[in-house]
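Values quoted throughout were computed directly from the atomic coordinates according to the rules given, and no laboratory measurement underlies them. All values reported here derive from a predicted model rather than from experimental measurement.
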Amino acid sequence: MDTDAAKTAKDSLELVFQMSNILDTGLDRHTLSVLIALCDLGLNPEALAAVVKEFRKDSPSTSTSR
């Protein structure tokens with residue numbers, strides 16, 4: 001990947017991350033990057049969203065009292 005393509009990819013991920021934060025999705029950059037890569041490979045974005053929702057529903061709360 002050349003430097004222009006790498007910068008464009010980084011800028012795009014940053015924009016998606018900002019949108020994710022505005023929408024309060026709770027997704028981190030790495031997770032968003034993986035989801036985008038899966039969409040680029042042709043996976044259905046709506047199916048991926050359903051999987052993310054299902055994982056969140058099934059996973060125990062990760063918040064801890066400190």
Review point. Contour minus end-to-end for residue 21 and residue 46, with contour as 0.36 nm per residue of separation and end-to-end as the Cα-Cα distance?
Key: 7.1 nm
Review point. What is the helix-to-structure angle for 45-58, meaning the angle in degrees between its Cα long axis and the longest Cα principal axis of the chain, kept from 0 to 90 and rounded to the nearest 10?
Key: 30
Check your understanding: Angle between the Cα long axis of helix 3-22 and the longest principal axis of the chain, 0 to 90 degrees, nearest 10?
Key -> 30
**Study point:** Reachable aspartates and glutamates, given that their alpha-carbon falls under 13 Å from the alpha-carbon of residue 10 and they are not under 8 places away in the same chain
**Key:** 2
Review point. Which length gain, in nm to one decimal place, applies between residue 37 and residue 11 when the Cα-Cα distance is subtracted from 0.36 nm times their residue separation?
Key: 7.9 nm
Revision key, fill the gap. Between the Cα axis of helix 29-40 and the main Cα principal axis of the chain, the angle (0 to 90°, nearest 10) is 60
